[in-house]
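Student: Following this message is one structure expressed as structure tokens.
What follows draws every value from the coordinates through simple rules; no lab data is involved. Just so it is clear, the model here is predicted, and its values are computed rather than measured. Don't worry about glycine lacking a Cβ; one is built from the backbone with ideal geometry, like all the others, and counts go over all protein chains shown.
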Ligand code: ADP
């Protein structure tokens with residue numbers, strides 16, 4: 001049975017096959033969830049990310065999990081919100097879809113996402129939650145390996161927005 005669930009918590013502590021990092025296009029670390037993941041995974045993650053020489057918005061790259069409980073970290077730069085007329089919706093859907101495709105290629109069964117783009121990148125939360133859940137639900141219909149996707153929300157407001165989309 002395929003399933004999407006929403007929890008409140010810190011994604012660096014979640015015990016799943018792959019966690020997704022809301023990275024920036026340099027993949028060299030930053031603030032927010034990206035900084036937390038780099039701190040928790042340790043300096044070997046930085047070295048692994050250096051080899052990619054960046055990543056375009058909406059695409060994804062995979063590394064090991066290093067000091068995290070997760071086996072893999074999937075790094076995807078979500079779109080910066082520029083008002084909604086710069087392809088933001090499609091780019092956000094691409095981030096979710098391409099991250100799940102990498103998880104599937106690596107035979108991951110359980111995947112956890114943070115709320116991509118809704119922090120510093122200022123994507124409107126309800127709109128992002130709708131795109132995230134729709135893209136994940138659609139992907140799960142044809143996935144062979146991925147069967148449990150968890151949205152890990154850092155605050156009550158974010159948690160409520162994603163909860164609303166799964167009910
Ligand atoms: P972006 O640049 O894609 O907007 P941010 O890191 O600024 O990314 O924010 C994305 C979301 O991740 C926000 O809801 C933020 O509160 C949340 N966040 C920050 N730290 C963590 C963490 N350790 N675990 C899960 N979510 C987190």
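Student: Which order do peptides 97-103, 54-60 fall in by mean Cβ count within 10 Å, highest first?
Tutor: 97-103, 54-60
Student: State, to one decimal in nm, how far the label point of residue 89 lies from the label point of residue 39, with both points 7 Å from Cα in the Cβ direction.
Tutor: 3.6
Student: Next question. How high is the relative contact order of the chain, in percent, counting Cα pairs under 8 Å that sit 6 or more residues apart?
Tutor: Worked out over the chain, it gives 31 percent.
Student: So what does the Cα-only Debye profile of the range 1-70 read at q = 0.12, 0.13, 0.18 Å⁻¹, as log10 I(q)/I(0), no solvent term?
Tutor: Once normalised to I(0) and log-transformed, intensities are -0.32, -0.37, -0.70.
Student: Could you tell me what fraction of 2.2 N^0.38 Å the Cα radius of gyration of the chain comes to, as a two-decimal ratio?
Tutor: Compactness ratio reported: 0.93.
Student: Relative to the present Cα-Cα distance, how much length would full extension add between residue 3 and residue 122 at 0.36 nm per residue of separation?
Tutor: Between residue 3 and residue 122, full extension yields an extra 40.1 nm.
Student: Quick check: the distance between the Cα centres of the range 131-167 and the range 15-55, to the nearest angstrom?
Tutor: 21
Student: Taking one equal scatterer on every alpha-carbon of the range 69-150, how large is log10 of I(q)/I(0) by Debye at q = 0.18, 0.23, 0.24 1/Å?
Tutor: -0.71, -1.07, -1.14
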